[in-house]
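Rule-based calculations on the coordinates, nothing more; no lab input. Not measured: the values here are computed from a predicted model. Please note: Cβ atoms are built from the backbone with ideal geometry, for glycine as well, and neighbour counts cover all protein chains shown.
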Amino acid sequence: MNIEKLYERLHSMTERQKHIRNFSIIAHIDHGKSTLADRLLEATKTVTSREMEEQVLDNMELEKERGITIKARAVRMRYTHTDGQDYILNLIDTPGHVDFNYEVSRSLNACEGALLIVDATQGVEAQTLANAYLAIDADLEVVPVVNKMDLPSADLDRARSEIEDVIGIPAEDCPAVSAKTGLNIDSVLSAVVEQIPAPKGDENAPLKALIFDSYYDSYLGVVVLVRVFDGCVKAGDKIKMMSTGAVFDVTDVGSLEPFGLSSGESVKAGEVGYITASIKTLSDTQVGDTITLVENPASEAMPGFKKVNPMVYSGIYPEDGAKYEDLREALIKLQLNDAALSFEPETSIALGFGFRCGFLGLLHMEIIQERLEREFNLDIITTAPSVIYKIDCKDGSTVFIDNPSNYPTGDEIEKAYEPMVKASIITPVEYVGGIMDLCQDRRGIFIDMKYLDKTRTELHYHLPLNEIIYDFFDALKSRSRGYASLDYELLGYYPSKLVKLDFLLNGDPVDALSFIVHEEKAYARARRIAEKLKENIPRALFEIPIQAAIGGKVIARETVKAMRKDVLAKCYGGDITRKKKLLEKQKEGKKKMRKLGTVEVTPEAFMAVLKLDDN
Amino acid sequence: MKNIGIYIHIPFCVSKCAYCDFYSLPQERHGDEIREQYVSALIRQFEWAKKKYGELSVSSVFIGGGTPTTLKAEQLVRLITSLKNTFELTCDCEFTVEANPKTFDENKLRTLKLFGVNRLSIGIQSSNENELNLLGRIHSFDDAKKAFELTRKCGFDNVSVDVMYGVPSQTEQSFLSTLKAVTELSPEHISVYGLQLEEGTPLCKNRDKYVFPDENECVSMYSKGISLLSKAGYSRYEISNFAREGKKCRHNLGYWSAREYLGFGTGAYSYFNSQRFYCEENTESFLSAKDFDSLITVEETLSETDKEKEFVMLSLRLTDGFSVKELFERTRNAEFYLDRCKKYIESGFMEIRDGRVFFTEKGFDVSNTVLSEILF
């Protein structure tokens, strides 16, 4: 930072602001971000170790099981620095998976600095790089921290030189810690105070508060998490959402504590806190929007949070058609906590009424599915994920297709395009061959390969998005014994030879099973899916032909043989009740199945079709 | 007076067969004293039932097990006499006793005959020694044949034999030779059961060690078996049962026509006054029981809907199914059931003829699937 800039900052800063630090922790997945957050909370006595759950910030059940942080959460810590002064440290947690780059950027925009965690045994990985660039783009002060120093294979020098060489930020004196054992945690807190700038902003200026997260609480309504840049907000204020114009009366403001909200007088420029305002209409609080006051509004909103676009679409249907409204309610609630989720109603001949949902990626999709099932107790059917295709039609129009059912017929298409991504894969050198084969198989275009050091390389590929949304990540992991890491960003639309693959059961097309595939891969894919369907369609009293077709032409065929015999148990005095219950149970089992024309299919059949791992 | 059927369970066997999950004790766990006490307890249970349910007329008795013929002749006499003294057996009462080929002699059979037993059911299962062995049977086919001839010698003119299919290592050919060998004995009644792997049985635990005939083989062998039996003069009257003219098992027909029955002994089921209940499967508490109420568990109290469903489910086990007229008389939802049957009649799994709805042979093979669709 140059002197003028520093001078300007000090000048515009109040005494109060000088004692605030707003920061995030960013890392590649499993590099110890959440564990470090736990230690910081302990070291600042924000929570006692008795209160400490394994990972306080990851308070969703699902996150614990998957061991990843899905949702950003913020927490306030109080810290007495070696200079004898007290500081307020607002930690904003961020997710670490490639699907959630947007959430990372959202959190980063609320901060002045970020701790970049690097695993001393792994070094810099794909998401370390991606997240570091996001932070640098957001103009944050990036403070590297080397973690896992307790492990025998920790290599501090290598980690430091990778940070300097690969990312290009100084790391010579960066903290080297073990979040697990608590080693050198104080040095991290010192670095936060000394290296991350205090926030600035005029608390007398019109209110500008940036929404970086929000969630629904059944008692309070929507709880909006904000970073105030200018001005001040307190209970009783009339606030306005700048993008929608919606107006609300603030009922409460305060700070974010590890175990909940703590009501306060106000949230002022430079601070992080929450606002509640009896907000019931969920669509009124958009993450990324700026909140201002109705009286004395800010002249313009905060400049852009990166707009998030779903990359993967799939249909979600209730297993029981009567639960359609419940599903809608659940999606609305999930969307509130997850700005990246989009949905709109759609109907399928096979599945009835449901929603076409947009996700950031396949992991995101799986998480939403699981949350619908666990938190909302819904049984759902998910159709094959699809990307958005761009079609130039012969009539001169251009359409974007997110649902294979709407794909134009061959003679309507002038030219078809599919989204490509720029993928960066970092891997130990010994797995390069296998990974190159994989990328080749997924229609990847090799761009270049760089050695990060003697043992690791970074591969760059251009890959069609539709080749990586199914199971690419799993395949990558299995070919590299879990060591390779992936990051990707959208490159744009490229012309492609695409066909729509339809599946017919007992002669009837099943719209929910259709998908778009590259011409060259259509035959192999059709055969594999027909086989999968055969495995997953229970035998019925009649034979069920399965056909895969492009246009009207059948390219693969399987048959589910008719059931010829079920158990003909004897049925005497003691068997009757049991027998009756057994028949009832058999029928219950069938109720879970979806009737597709004349064929009954288990909900699992739809998911099984998606798992196409080559190995 | 109510007319019912009576089942009496004798939970003793020489040894337990590899496929059996009925409640029974192998020989080493029951001495003569226990069998004696068991008969006494049954007699006390008769008395208890009479007090509880009043005078009853009985037109079928079935003593099953286990192996009833593990009881000594005197014990069987004591049991039967007491039964007759407690309940009123009709003069044409069908009185069946199950018998294992190696557990009776001429004396025992003559005694049974003398005291009114008029039907025997003998478990032969197979004429193939290897199959008998795998099933854990204690007799050879030769033993079975001799035992059968003995029943004739002692004057039994209504004898049923049990045969199994779907047995490990069984082939169509071995199954058909079993049926042929059995029809040569010329019993009045033949039950042909598909082997079921019951959880916890030795056969089930070791199932991976055996080769079972597959679904297609079972369908084919059973179908050929049906025509073999038909040519030999046995017509199928229920999913697993075949009989000569006039020799259907009255007691079992009772189960399939919602007739009331009382069961005595450990694990025995009853259906009486719309309740299905059973006696605890614990020999020790049964032997010492004074008040049998405490041993009874009600499994189900049947609603009108339950009764309707059971009527359809059970009558469709019979080859002549139910009559449409009776369906309207006995159920409030006759049209619903008929409507559900329609699809299966159209696709050849069921048939409607002379006012009766019934399964075809092809339909019987998948009757669970069809019934679950029709009933629920």
For B:Thr178, A:Thr244, which order do you get if you count the other beta carbons within 10 Å of each Cβ and list the fewest first? A:Thr244, B:Thr178
Quick one: if the Förster radius is 41 Å, what FRET efficiency do B:Asp320 and B:Asp21 give, using the C-beta to C-beta distance and rounding to 0.05? 0.85
What list do you get for A:Phe343, A:Phe212 if you sort them by fewest beta carbons within 10 Å? A:Phe343, A:Phe212
State, in angstrom, two size descriptors of the protein assembly as shown derived from its alpha carbons: Rg to one decimal place and Dmax to the nearest whole number. 38.7, 122
At a Förster distance of 22 Å, what's the computed FRET efficiency of B:Ser227 paired with B:Ser186, Cβ-Cβ distance as r, to 0.05? 0.75
Work out, in µm²/s and without decimals, the Stokes-Einstein translational diffusion coefficient of the stretch B:69-196 at 10 °C, 1.306 mPa s, Rh from Kirkwood over C-alpha pairs. 103 µm²/s
Test of understanding: what is the full-extension gain from A:Val554 to A:Glu520, defined as 0.36 nm times their sequence separation minus their Cα-Cα distance? 10.7 nm
Surrounding net charge for B:Gln173, when Lys and Arg each add one and Asp and Glu each subtract one, Cβ distance under 13 Å: -1
Net charge near A:Glu346 (other residues with Cβ under 11 Å of its Cβ; Lys, Arg +1; Asp, Glu -1) is -2
Could you work out the percent of alpha carbon pairs in the stretch A:411-512 separated by over 20 Å, rounded to a whole number? 46 percent
Disulfide-incompatible cysteines by the Cβ rule (no partner under 4.7 Å) in chain B: B:Cys13, B:Cys91, B:Cys93, B:Cys154, B:Cys204, B:Cys218, B:Cys249, B:Cys279, B:Cys341
At q = 0.11, 0.19, 0.23 Å⁻¹, the log10 of I(q)/I(0) for the stretch B:304-375 from a Debye sum over equal Cα scatterers comes to -0.21, -0.66, -1.00
If you average the alpha carbon positions of the stretch B:48-114 and of the stretch B:13-29, how far apart do those two centres end up, in angstrom? 21 Å
Theoretical FRET efficiency, 1/(1+(r/R0)^6), r = Cβ-Cβ of A:Leu582 and A:Arg78, R0 45 Å, to 0.05: 0.10
At 0.36 nm per residue, minus the direct Cα-Cα distance, what do A:Glu375 and A:Thr347 gain on full extension? Give it in nm, one decimal, please. 7.6 nm
Computed label-point distance, nm, for sites B:Arg332 and A:Asp395 using a 7 Å Cα→Cβ extension: 5.8 nm
When the convex hull of the Cα atoms of the stretch B:2-256 is projected onto a plane and the area is averaged over all directions, what value comes out in nm²? 13.6 nm²
Give, as a single signed number, the net charge of other residues whose beta carbon lies under 13 Å from the beta carbon of A:Thr457, with Lys and Arg counted +1 and Asp and Glu -1. -3
Debye, to nearest 20: dipole size of the stretch B:2-256, +1 on Lys, Arg Cβ, -1 on Asp, Glu Cβ: 640 debye
Please arrange A:Ser218, B:Ser288 by how many other C-beta atoms lie within 10 Å of their C-beta, fewest to most. A:Ser218, B:Ser288
For A:Tyr87, residues with placed amide H under 5 Å, excluding near neighbours: A:Tyr79, A:Thr80, A:His81
What spacing in nm lies between the two simple spin-label points modelled at B:Ser294 and A:Glu489, each 7 Å away from Cα in the Cβ direction? 8.0 nm
